[in-house]
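First up is the structure itself, then whatever we jot down about it.
The values are calculated or read from the model by the stated rules, or taken from the named source; none is laboratory data. None of these values were measured; they are calculated from a predicted model. All accessible areas refer to the heavy atoms of the entire protein, side chains included, with ligands and DNA or RNA removed. Shrake-Rupley method; radii C 1.70, N 1.55, O 1.52, S 1.80 Å.
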Amino acid sequence: IFTETCSKCARVYHRDYEVPLDDSVDHETGRTCDDTDCGGDLRDNIVHFEESLPWHELKMANCKFVGSDLTIVLGSSLRVEPAASLPFKSKRRNKSLAAKTVIVNLQTTHFDDEADLIIRATCDEVLDFVAKALVGESWDDSSPEIVFID
């Protein structure tokens, strides 16, 4: 939500503010490319419901997941395909690999049966726990206890 891309020259602009506008049409943000030779319309990079994922990015994500040893899903209902099944690509493609999948979500998902570990906690709680384990300190000392489900 912090990125705009020129529709003409494909120059990418990283912003320190949210770029989408409530009244935007075709993802146009109302700004134009800074390049004086271009001047193309800038568009946000958000994929809205009912829109297809960009083909190249989906292909690259697929490759990364297929080759992963561990996938951690943080705070997703895993309901929207094709992204929902990506975390399980490695396990499905090569059963002999020791690929593991962890789901961190407060609610159940349709993929819980395929996960190796399910953690019913908020993402903040889990990341706080991981930070304490890795570096011995925390950004929040009031974290509640985390419940692990096998």
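Quick notes on this structure:
- Taking amide H atoms as placed 1.01 Å from N in the peptide plane, the amide H of residue 71 lies under 5 Å from those of 100, 101, 102, each 5 or more residues away in sequence or on another chain.
- Between residue 72 and residue 26, full extension at 0.36 nm per residue minus the direct alpha carbon distance yields a gain of 13.3 nm.
- Debye equation applied to the C-alpha atoms of region 87-134, log10 I(q)/I(0) at 0.25, 0.26 Å⁻¹: -0.92, -0.95
- Accessible surface ranking that places the most exposed of 65, 129 first, with a 1.4 angstrom probe: 129, 65
- Gap separating the Cα centres of region 75-125 and region 5-69, nearest whole Å: 27 Å
- The phi torsions of region 76-81, fed into the Karplus equation with coefficients 6.51, -1.76 and 1.60 and a -60° offset, translate into couplings of 10, 6, 6, 9, 9, 8 Hz, rounded to whole numbers, with Gly and Pro shown as x.
- Rolling a 1.4 Å probe across all protein chains gives residue 46 an accessible area of roughly 40 Å².
- Nearby lysines by direct alpha-carbon distance to residue 59 (threshold 16 angstrom, same-chain neighbours under 8 apart not counted): 89
- Kirkwood's formula applied to the C-alpha pairs of region 53-103 gives a hydrodynamic radius of 11.2 angstrom.
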